[in-house]
């Protein structure tokens, strides 16, 4: 498979590195509107061809697939253009900035017959995969309650850099720069963590969003800091279970932590994914009576990058595909409406 990296910003290096490590995959080109950034990226990853636009790359055409690592608002037009040109597409999350655009992408992708996947990176977490298998096997019984959280601290810590001085972070706080805030940025991850890990779809949403003052006039340069910083969400799942999902960038002391807890009538599973390690804990059988939780070791799983390459080779689309990501975007859109109207909304 010959792959083109579309957008050569921060996340692109992970795509280039991971794809280059896969046997039979060659990164043949990079695309960016910034010539200096493109040149530095191509030199760093030994990529031969560079293009100032996707149109120019498509005119060249000597590639099979596109890794779309453009800003969120650009995913929609560029993915559609690539699919219509007959290219497979591996798109960064979120799929689009709203569900309407996301489902347009789904329609084009499914009509094209090309492989379409979204890089929901925490699918690479082996304990999450194992937790899902335990839940779906029936070992914990019918799921009754789900808790999921995504905690970050970059608004109170400089561990990742100073957000006040870098456009890399400031755009994530500004609606006019294409951000849906913490809900759109990492909310899609924790929604996937919750629904995938529990094996259940979300059917009703009641959400609250909060934007805190972060600077004088809540503005830094061209960036209006009006995107949400935190959200809480009460949900109903497809089997009637209740769930609580929340995320924030104000979680002091938590650099980057996802947690999932799924409780059934006969047991439970808990997954914790932190910057310094991942852990799966289970409470099953006789341990339920004593409240004993045991750490379970699990083998690694193929990455999204590896599964995308395998899908292109086999012609069989693996998950998470565009339709799954669009369904998550629908939940995000409804959460925004739920907050503004202060009411619960159904996803279907």
Exercise. Report whether or not residue 179 is over 20 Å from residue 71 (Cα atoms) and either touching a helix residue (DSSP H, G or I) at 6+ places or on another chain (Cβ under 9 Å) or assigned to a strand (DSSP E or B) (or both).
Key: no
Quiz item: So which of 272, 329 ends up being under 24 Å from residue 145 (Cα atoms), in the same structural domain as residue 191 (by TED's automatic domain parsing) and touching a strand residue (DSSP E or B) at 6+ places or on another chain (Cβ under 7 Å)?
Solution: 272
Quiz item: What tally of residues in the range 196-211 results from selecting those that are part of a helix (DSSP H, G or I) and either more than 19 Å from the chain's Cα centre (by Cα) or surrounded by 24 or more Cβ atoms within 10 Å (Cβ to Cβ) (or both)?
Solution: 2
Quiz prompt | the range 93-124, residues that are more than 16 Å from residue 331 (Cα to Cα) and not in a helix (DSSP H, G or I) | solution = 113, 114, 115, 116, 117, 118, 119
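Could you check how many residues of the range 1-55 are modelled with pLDDT under 95 and touching a helix residue (DSSP H, G or I) at 6+ places or on another chain (Cβ under 8 Å)? So that I can check it myself, show each step before the final result.
Just the residues of the range 1-55 that are modelled with pLDDT under 95, to begin with: 9-11.
With touching a helix residue (DSSP H, G or I) at 6+ places or on another chain (Cβ under 8 Å) added as a condition, the list becomes 9-10.
The number of residues fulfilling the criteria is 2.
Against the definition (in contact with a strand residue (DSSP E or B) (Cβ under 6 Å, 6 or more places away or on another chain), part of a loop (DSSP other than H, G, I, E, B) and not assigned by TED's automatic domain parsing to the domain that holds residue 14), how does residue 140 come out, yes or no?
On the way: in contact with a strand residue (DSSP E or B) (Cβ under 6 Å, 6 or more places away or on another chain): yes; part of a loop (DSSP other than H, G, I, E, B): yes; not assigned by TED's automatic domain parsing to the domain that holds residue 14: yes.
So residue 140 passes the test.
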Quiz prompt | Residue selected from the range 309-327 under the condition closer than 20 Å to residue 18 by Cβ and without any contact (Cβ under 8 Å) to a residue 60 or more places away in the chain, by the criterion surrounded by the fewest Cβ atoms within 10 Å (Cβ to Cβ) | solution = 314
Quiz item: For residue 246, which of the numbered conditions (1) within 20 Å of residue 94 (Cα to Cα); (2) in contact with a strand residue (DSSP E or B) (Cβ under 6 Å, 6 or more places away or on another chain); (3) buried (at least 22 other Cβ atoms within 10 Å of the Cβ) fails to hold?
Solution: (3)
Quiz item: Which ones in the range 259-278 are farther than 9 Å from residue 140 by Cβ and surrounded by 14 or more Cβ atoms within 10 Å (Cβ to Cβ)?
Solution: 259, 260, 261, 270, 271, 272, 273, 274, 278
Quiz item: Of the residues in the range 173-189, how many are at pLDDT below 90 and buried (at least 21 other Cβ atoms within 10 Å of the Cβ)?
Solution: 4
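The values are calculated or read from the model by the stated rules, or taken from the named source; none is laboratory data. In this text the structure is predicted, and so the values were computed from the model without any measurement. Because the Cβ atoms are built from the backbone with ideal geometry, glycine has one as well, and the counts that use them run over all protein chains shown.
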